[in-house]
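Working notes for the structure below.
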Amino acid sequence: MKNTLLISMLLLVGCSSNPFVPEKQIVKIDKPIPYCPAPPKVVECQNYVDALTDEDRADPGKVAQAYKMDMMCYRANAKTLREILQRYEDTSLLLKDVEAMYDSLGQQYDTLLSPSPTPQQP
């Protein structure tokens, strides 16, 4: 029992005599890495005209309905794709603003770190 206690005390004293102190380093990164999310999935349109049978193609009403359904689906897809593109354009405009702000902050940081000139005595 005493040996176990003595060994554990020696181990604890040995660990505390040389504590680990991490080194502090400041690394300046020129520009942040922009993140571009993956585009959302767009539902593909079912082609109603190609799905028509020969009997349905003989009926002008069913052909017109199939073309109408195709056009509605394609218009909805075009609207969705336009909205996705608009989001990317808005993001790229924001990225330009962020880059300009980051550059100005970098210049301020450089001026803070640059050594100030020592006044010369006459």
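Any read-out appearing in this document is the output of simple, stated calculations on the displayed coordinates, not a laboratory observation. What you see is a predicted model, and the numbers here were worked out from it, not measured in a lab. Reconstructed Cβ throughout: ideal geometry from the backbone, glycine too, with neighbour counts over all protein chains shown.
At full extension, L5 and D56 could sit 9.2 nm farther apart than now, given 0.36 nm per residue minus the alpha carbon distance. Among K41, K62, K68, the ranking by other beta carbons within 10 Å of each residue's beta carbon, starting with the fewest, stands as K41, K68, K62. Projected label points at D110 and A64, each 7 Å from Cα along the beta carbon direction, are separated by 7.0 nanometres.
Count the net charge of all other residues whose Cβ sits under 10 Å from the Cβ of V63, scoring Lys and Arg as +1 and Asp and Glu as -1.
On the way: positive: R57, K62, K68; negative: D56, D59.
Residues near V63 contribute +1 overall.
List the residues of region 39-73 whose backbone N lies under 19 Å from a point placed 7 Å from the Cα of E83 along the Cα-to-Cβ direction. Those under the cut-off are 39-46, 71-73. Here K79 is the anchor, and the lysines within straight C-alpha reach of less than 18 Å, apart from those fewer than 8 places off in the same chain, are K41, K68.
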